[in-house]
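As structure tokens, the structure follows; a few thoughts come after it.
The values are calculated or read from the model by the stated rules, or taken from the named source; none is laboratory data. Keep in mind that this is a model prediction, so the values were computed, not measured. A quick note on method: Cβ atoms are made from the backbone with ideal geometry, for glycine too, and the neighbour counts reach across all protein chains shown.
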Amino acid sequence: MLKSPPPTENLAYHVGRLIILIGHCGKPQANPNKPPTITGRTLLAKLDFFMRYPNYLQRAAIKLDIACTVEDLGISKPDDVNTIESRMVRYLYGPWDSVYYVALAYMVGKGLIEPPRASKVDLFRLTPKGTTILGMFEADPDFSDLIRRANTIYKLFNAYNGSRLKLFIYDSFPEVVNRQLGEAAGNLRLRPARGPKNCGEGD
């Protein structure tokens, strides 16, 4: 499992997680020459919220009536559901992290994601170089748990845009959005997920 960073929050850790997030949670495009894409910073941050807080991913699965195993959640054992990969803070529009500004700029500078275009909405796509690095992560067992979690996030939320997912978080987890601005989001101990349909099953 990709280990949580030290208190100084290593930039490479955030970049690695975002590469996995974009590669596995991006939506396929109509143009086959375009890689999977996450549309908008709101959607990116809210999907990443579930990457960083597996307990909230479990709660989301319960609310959506989809059962998830510990493997689907990308954890080694049930107690690990309360692991915090990296803390996010309360921002104006729900969970956010100022490290995105630095991490995304770094990823553009290193040619890992496509540079921003002159449009109202940011499109986050891996470049061929970024896709190569993603393949290295996929071949490394140390990243397998985080990749499984990303796949579960895609399974649950691939039909959501940023606004819809933001509202889902507001409605489902009021304790996160009701925090004071700048206050770190915490964790809650949860009951096991259950439901009639597993995360790995088709719709």
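Here are some notes:
- Of the residues contained in segment 163-174, one or more are found to be on the phi < 0 side of the Ramachandran plot, touching a strand residue (DSSP E or B) at 6+ places or on another chain (Cβ under 6 Å), part of a helix (DSSP H, G or I) and modelled with pLDDT under 95.
- Criterion: in contact with an Asp or Glu (Cβ under 7 Å, 6 or more places away or on another chain), surrounded by 11 or more Cβ atoms within 10 Å (Cβ to Cβ), at pLDDT 85 or above and not in a strand (DSSP E or B) - qualifying residue of Ile133, Ile147: Ile147
- Pairing residues of segment 142-154 that are under 14 Å from Leu18 (Cα atoms) with residues that are of a type in the set (D, E, K, R) and part of a helix (DSSP H, G or I), at Cβ distances under 8 Å and at least 6 apart in sequence or on separate chains, gives Leu146/Arg17; Ile147/Glu138.
- Segment 118-128, residues that are of a type outside the set (Asp, Glu) and more than 14 Å from Gly16 (Cβ to Cβ): Ala118, Ser119, Lys120, Val121, Leu123, Phe124, Arg125, Thr127, Pro128
- Test result for Arg125, at pLDDT 90 or above, farther than 26 Å from Tyr170 by Cβ and in a strand (DSSP E or B): yes
- Within segment 74-117, considering residues that are part of a loop (DSSP other than H, G, I, E, B) and modelled with pLDDT of 90 or more, the one surrounded by the most Cβ atoms within 10 Å (Cβ to Cβ): Leu112
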